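Taking it in order: structure first as structure tokens, then the write-up.
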Amino acid sequence: QVQLVESGGGLVQAGGSLRLSCAASGSTDSINDMGWYRQAPGKQRELVAIISRGGSMDYAASVKGRFTISRDNAKSTVYLQMNSLTPEDTAVYFCKAFYGSSWNAYWGQGTQVTVSS
């Protein structure tokens with residue numbers, strides 16, 4: 001079992017930066033990939049970035065070159081550095097972890113990111 005707690009959201013002006021953190025607790029040694037997803041009002045939840053336990057990363061096209069995902073396995077924490085933010089990045093950002101041999105998915109509670117124009 002894994003619990004995820006996100007932090008770091010907030011209000012920022014367009015062009016600004018934010019850094020999100022997601023701390024995992026529980027059986028963290030069995031966590032495989034970890035990722036960030038976001039859901040804007042009236043839209044479906046979408047993948048933003050994902051990172052494997054070994055550090056392989058993938059990004060949504062809309063954030064590539066602006067966002068960076070990283071991971072500290074010793075701290076069981078995944079980060080999302082978001083630069084050059086635009087109002088289109090406004091959403092609730094969720095952390096997701098894939099756990100164990102069955103790759104069961106666990107979600108955090110979400111953190112709001114609002115980018116003003």
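Each residue, S116 and S62, gets one label point 7 Å from its Cα in the Cβ direction; the gap between the two is 2.2 nm.
What a 1.4 Å probe finds exposed on the chain is 48% carbon and sulfur by accessible area, rounded to a whole percent.
Label-to-label distance for S30 and Q109 is 2.4 nm, based on points extended 7 Å past Cα in the beta-carbon direction.
May I ask you to give the solvent-accessible area per residue for the chain, in square angstrom, as obtained with a 1.4 angstrom probe? Could the numbers behind the result be given before it?
Numbers: 5880 Å² over 117 residues.
Normalised by residue count, the accessible surface of the chain is 50 Å².
K75 contributes about 130 Å² of solvent-accessible surface, heavy atoms of the protein only, 1.4 Å probe. Under 5 Å between amide hydrogens, which residues at least 5 positions from R71 or on another chain qualify, with H placed 1.01 Å from N in the peptide plane? Under 5 Å from the amide H of R71: Y79.
The values are calculated or read from the model by the stated rules, or taken from the named source; none is laboratory data. What you see is a predicted model; the values in this text were computed from it and never measured. Note that each Cβ is placed from the backbone with ideal geometry, even for glycine, and that neighbours are counted across all protein chains shown. Heads up: the accessible areas ignore ligands, DNA and RNA and are worked out on the full protein's heavy atoms, side chains in. Shrake-Rupley method; radii C 1.70, N 1.55, O 1.52, S 1.80 Å.
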